[in-house]
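Comments concern the structure below.
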C-alpha cells in the first residue's frame, strides 16, 4: 500500500493486487454500502493514520475509488467540513446528466497524466482540449450520470489531482475558445491518454 498525503484534508491510497488480496476485496465489488467494505475501508484508514497522521474518523469524508489496470485500485479520501455541502451534492438539487467541468493544467505532463487516469473511468461523455501560447492546457469534460463504482463519487478526481477545476467555467471557457488553440474537439481524453 502506498500513501500520498495531498493536503491536510485529502489523501491518496494506492493498493496493488497483493494489497487487494490481503484485504480480501476487489474493485468491482467495492461498495461502501456493504458492511464488509466499510470495515476494510476503515482498517485502511486506520493504517493510513498511523503512517501519515491523516485522521478521517472525526470528519465526514468523501471516498472515491478507481480500479487500476494492474488489479489494484486508487482511493482518494477527502475530509468534508460540516458547514459545506457534500461534494456530490448540489445544495439539495439532484445531479444532472451532462454536467460540464473545466480544468487547467500548468504543464503537458500533468495534462497527459489526467487524461490517462480519466480514460480508465466511466462517466466521461465528451472531452475537448485547448492549449494557450503560454503552454497552459485546458480540458473541458462533460460527465454523464454514471459513476465508476456504486456508492462512491464521480469521475473527476484525477483531473483535480493533476490540475485545477476552474470556477465560473462558462466565462472562462468563452475566453479560452477565443484565445487558445483547440487541440481536439471531441474525445480528447481518449486521444491524449495514448500518448
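The values are calculated or read from the model by the stated rules, or taken from the named source; none is laboratory data. All of these numbers come straight from a predicted model, not from anything done at the bench. All Cβ positions, glycine included, derive from the backbone under ideal geometry; neighbour counts span all protein chains shown.
Residue 78 - would you say it is loosely packed, with under 12 Cβ neighbours inside 10 Å and modelled with pLDDT of 75 or more? In short, no.
Restricting region 14-29 to residues that are outside any strand (DSSP E or B) and touching a helix residue (DSSP H, G or I) at 6+ places or on another chain (Cβ under 9 Å), the residue that is modelled with the lowest pLDDT is 29.
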